[in-house]
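Structure first, then comments.
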Amino acid sequence: MPKQKAASGKKGTRHVSLIVRWVSIVAMTIMVSFLVFSAVVYNTVKQEALSQQKYMSNEVVNVLRKRLIGIDDELEITNVVQQLSPNTRRILTGGPALSENDNSNSSVFGDSVLSTVTNPDMTVAIYNLRNEIVFHNGDSAPKPVKFTSESKSVTKEGKDGQSSLYIYRKVRNRKSHKLTGYIVVKNQMTGYNRLISRTLKAMLWLSILGISLAIVISYLVVRSVVRPINKMSKVAREVNADPNSTARIPELHRNDELEELALSFNMMLDRMQKYIEQQKQFVSDVSHELRTPVAVIEGHLSMLKRWGKDDPQVLEESIDASISEAERMKHLIQEMLDLTRAEQISVHYPNAIAKPMEVLTRVVGDIGMVHPDFKISLEVEDLDPDTKIQIYQGHLEQILIILIDNGIKYSTDRKEIAVAAGQSGQEMQIVVQDYGEGISDEDKKKIFNRFYRVDKARTREKGGNGLGLSIAQKLVESYHGNIDVESVLGQGSQFRITFPVLTDEEAKELESREEQKQAGTESPKQDPTI
Ligand code: ADP
């Protein structure tokens, strides 16, 4: 018992871990997808915004360069300032954008140029070849660096985490291409920095929100799946501990696969318990049935031992009685074996085919010879001689023998049995009619049960064990047929069996399957029941 407890405890923990495992897998997947998605979006936004900033900064550089390339000598304060229009000079040195003194001639740069230069993010510095500053706006002029190509752009991150863009450009005289100085533009990129920090923040919050939502939703979903599984395993443990337990999974009201599983599970438990019950009943019935013949044989043997040995008449009687009881036992054991085997037909004879006309003619003829005092008639006008049904012919014989034999056993004065067969549509019927003692409505429900006999003592006299109809029913149903009875007490009984008729295609298919099976097996299977 403690072992079982430990096992169940272990199972319980595993269920918890199932939730944790599923939730973490879902959360991790969503997190990774989110991170990848965020990284892609963030980088795209960043690249796009940065290239926009570069474009703007280059515009400023170009505006200045266009003015400075006209200077022949090295850039100096005097020639540089002279080249810049009053407006640009004023703006670059921090003055207002428009002045009352402005006239159209002095406005060398267009409005668009002015607007780029007036961008408060831009700091401009102009250096000569000795790296001496000749012009700058703003408080601190961006420092020059050494660079080999014509221009260079660098993004630097400040201590405050804000990025700035530096553009370095060589200035050459328009005609002589002589190097005259350098332009340095620093763009503080306030808008860009703001955009990047807002994007980052938004993504962070979105990720936190997304992951939390994913965890909550996946937890709820997984829990709703795991809960019924837990219920099932609880019921399974209860039934495992006590096979007679009536514990079942309660209705799940889910209308999904789990509901179906729970229903199948409950059905399986019902069936299993029914089988266990039947098995118990069978064992008790069998022991009960065997007890009588064993007791009879034992009685005769002890009688012989005490005083029968010397009395030839007693000796003779006792030996005869014992032999007859032993035969009864043998018959009973054979019937019990038949009953058990009748349940496994689909395994042994999946492709069997029989022609009912042939089987009926043979069986009725044979029984008629054994019972010459009986009139056993056969009427098969409505049956096509080529009609085929899916059944092993030995089993059809066995069913017919059981029914005709019962008709004979339970007959009264009228020693007559009428067997008829016919076909309607895709079904064929065989009717075995007797004119014997009949069966009451109450007994009709029970006669197919194992070991059920209407009158135990009388049936025993007739050699019946109450197994014939159970075997017949099992056989018929195994071949997808049906058996029922109509009877009037004192007048006779009519047993009717129906089987589905095989179409030509079905028959051919079964025959070819059987041929393949025969080719695959070395020796054909022997019929175990006949
Ligand atoms: P048994 O081997 O005892 O005949 P069956 O299972 O064949 O067992 O039949 C069960 C019981 O049903 C019989 O004991 C008998 O009482 C009743 N029964 C079966 N067939 C007939 C019949 N044709 N007429 C009257 N009673 C029948």
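A short reminder: the numbers here are calculations on the coordinates, not readings from a lab. Note that the structure is predicted; figures quoted are calculated from it, not measured. Glycine also receives a Cβ, built like all others from the backbone with ideal geometry; neighbour counts cover every protein chain displayed.
Of note:
- Residues 270, 386, sorted so that the one with the fewest Cβ neighbours within 10 Å comes first: 386, 270
- Loop sites in the stretch 326-414: trypsin sites (Lys or Arg not before Pro), DSSP, at most 13 other Cβ within 10 Å: 414
- A full extension of the chain between residue 20 and residue 173 corresponds to an added length of 47.9 nm, given 0.36 nm per residue minus the alpha carbon distance.
- Test item: Cα-centred dipole of the chain, Lys/Arg +1 and Asp/Glu -1 on Cβ, debye: 5820
- Relative contact order %, the chain, counting alpha carbon pairs below 8 Å whose residues are six or more apart: 10
- Legend: ranking of residues 147, 135 from fewest to most surrounding C-beta atoms inside 10 Å; resulting order 147, 135.
- In the chain, taking the dipole from charged Cβ atoms about the Cα centre, the farthest positive-side position among 369, 492, 430 is held by 430.
- Partners of residue 170 within straight-line reach, counting lysines whose Cα lies under 23 Å from its Cα and excluding those fewer than 8 residues away in the same chain: 54, 66, 143, 146, 152, 156, 178, 186.
- Dipole-positive endmost among 348, 83, 22 within the chain (Cβ charges, Cα centre): 83
- Estimated distance in nm for a label pair at residue 72 and residue 288, the labels positioned 7 Å out from Cα along Cα-to-Cβ: 13.5
- Multiplying the residue separation of residue 52 and residue 199 by 0.36 nm and removing their Cα-Cα distance gives an extension gain of 51.3 nm.
- Projected label distance in nm at residue 35 and residue 301, using a 7 Å step from Cα toward the beta-carbon: 8.4
- Note on the chain: dipole from Cβ charges, positive end direction compared against 297, 51, 507; the farthest Cα belongs to 51.
- Take the Cβ atoms of residue 343 and residue 42, set R0 to 56 Å, and the FRET efficiency comes out at 0.20.
- Length available on full extension from residue 133 to residue 277: 0.36 nm per residue minus the Cα-Cα distance, which gives 41.2 nm.
- Axis angle, to the nearest 10 degrees, between helix 257-303 and the longest C-alpha principal axis of the chain: 20 degrees.
- In degrees, nearest ten, helix 312-342 long axis to first principal axis of the chain (Cα): 20
- A straight Cα-to-Cα reach below 23 Å connects residue 409 with the lysines 330, 375, 444, 445, 446, 456, 462, 474, residues fewer than 8 places away in its own chain not being considered.
- Helical content alone sets the calculated 222 nm signal of the chain at -19000 deg cm²/dmol, taking -39,500 (n - 2.57) per DSSP H segment of four or more residues and averaging over every residue.
- Separation of the residue 482 and residue 462 label points, Cα + 7 Å toward Cβ, nm: 2.7
- Spin-label zone in the stretch 202-226 - amide nitrogen under 13 Å from a point set 7 Å from the Cα of residue 251 along the C-beta vector: none
- Proximal aspartates and glutamates to residue 388, defined as alpha-carbon separation beneath 16 angstrom and excluding residues fewer than eight positions away on the same chain: 358, 397, 427, 504, 505, 506, 509, 511, 514
- For the chain, the antiparallel share of DSSP beta bridges with both residues in that region comes to about 90%.
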